[in-house]
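Chemist: To start, I am sharing the structure in question, which I have written as structure tokens.
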Amino acid sequence: MKYLTIDTTTKVTAVALAEDEKLVGEGFLHTTKTHSERIIPMLDQLLNAAAWKLQDLDMIGVVRGPGSFTGIRIGIATAQGLAQVLKIPIISVVSLDALAWAGKGRTEDIVPILDARKNEWYTGRYRWIQGVEKPECLTSPQAMPTGQWLEFLWGLDRPICFVGDAVGKAKGHIEQVFGDRAVILPEYACLPRGAYAVEAVWQRWLQTGKGELVEPYYIRFSEAEVNWAKKEKARRSEGHE
């Protein structure tokens, strides 16, 4: 089975081509350009390099969040548009689940941290069990204040391998809190990659064996939705006066 994966949940645009669980090729861009500017040219170059055509694809995998609200929408819309034209199924995975593959085979707990702004991270906790082909989720994806999450992890008394786009900014603080219990992977390994999405999508396909209706996974409301709710609440309050 040949498939494409798309991950635009962070500032990184990551696309990949795979056949079954074998990575055929991946594209990675972390520049100032937007996902909408990068994703189609990247896909065209990747297809040409692999000597594939869009019509060769049997499935499309997309990372549905949490992460950047705009990025999530762009990735899902691109996947849905291609799937509709090609008449092929879509499989979706969670960004934190995909990032857990950065720590494949490691003995530490794997903790993805993605920048959620407002001094919060999108995060979860995973562990690789010997003989199991995918990471076990120990703490479900959630949005957590950074200090509260680090305090919780410290209390577990476990070595932690941190991955994700928030690692670079938080590295000094993490090392100060955890000392030699913290493992910080190099940036090229801990940012979202097409290779991680390929693994997560393939495991999801083996589990379900069919396509699905993809919905964005935001975890929390966007700033626009929060502001709208506040205005709506104020409007209703005024209406009762």
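Chemist: Under 6 Å between Cβ atoms, which residue pairs at least 6 apart in sequence (or on different chains) link something in segment 53-67 that is over 16 Å from Glu212 (Cα atoms) with a partner that is among the basic types (Lys, Arg) and not in a loop (DSSP other than H, G, I, E, B)?
Modeler: These pairs meet every condition: Asp56/Lys2; Leu57/Lys2.
Chemist: Please tell me if Tyr122 is of a type in the set (Phe, Trp, Tyr), in contact with a helix residue (DSSP H, G or I) (Cβ under 9 Å, 6 or more places away or on another chain), outside the structural domain of Thr208 (by TED's automatic domain parsing) and over 26 Å from Ser36 (Cβ atoms).
Modeler: no
Chemist: Report, by residue number, each residue of segment 98-114 that is crowded, with 20+ Cβ neighbours inside 10 Å and either assigned to a strand (DSSP E or B) or on the phi > 0 side of the Ramachandran plot (or both).
Modeler: Result: Asp109, Ile110, Val111, Pro112, Ile113, Leu114.
Chemist: Every residue in segment 25-68 that is buried (at least 18 other Cβ atoms within 10 Å of the Cβ) and touching a Phe, Trp or Tyr at 6+ places or on another chain (Cβ under 7 Å), please.
Modeler: Across segment 25-68, the qualifying residues are Leu57, Met59, Ile60, Gly61, Arg64, Gly65, Pro66, Gly67.
Chemist: Just give me the residues in segment 129-168 being crowded, with 19+ Cβ neighbours inside 10 Å and either in contact (Cβ under 8 Å) with a residue 40 or more places away in the chain or closer than 13 Å to Asp97 by Cβ (or both), in sequence order.
Modeler: Lys134, Pro135, Pro141, Leu153, Ile160, Cys161, Phe162, Val163, Gly164, Asp165, Ala166, Val167
Chemist: So, one more: Within segment 24-60, can you find the residues that are within 20 Å of Gly164 (Cα to Cα) and touching a strand residue (DSSP E or B) at 6+ places or on another chain (Cβ under 7 Å)?
Modeler: Once the filter is applied, which keeps residues that are within 20 Å of Gly164 (Cα to Cα) and touching a strand residue (DSSP E or B) at 6+ places or on another chain (Cβ under 7 Å), segment 24-60 yields Glu26, Gly27, Phe28, Leu29, His35.
Chemist: I would also like to ask the following. Restricting attention to segment 169-194, which residues are under 20 Å from Leu23 (Cβ atoms) and buried (at least 18 other Cβ atoms within 10 Å of the Cβ)?
Modeler: Cys190, Leu191, Pro192, Arg193, Gly194
Chemist: Quick one: which residue in Gly81, Gly103, Gly155 is over 15 Å from the mean Cα position of the chain (by Cα) and either of a type in the set (Ser, Thr, Tyr) or over 30 Å from Asp44 (Cβ atoms) (or both)?
Modeler: That would be Gly155, the only listed residue that is over 15 Å from the mean Cα position of the chain (by Cα) and either of a type in the set (Ser, Thr, Tyr) or over 30 Å from Asp44 (Cβ atoms) (or both).
The values are calculated or read from the model by the stated rules, or taken from the named source; none is laboratory data. Worth saying up front: this structure is predicted, and the values here are computed from it rather than measured. Don't worry about glycine lacking a Cβ; one is built from the backbone with ideal geometry, like all the others, and counts go over all protein chains shown.
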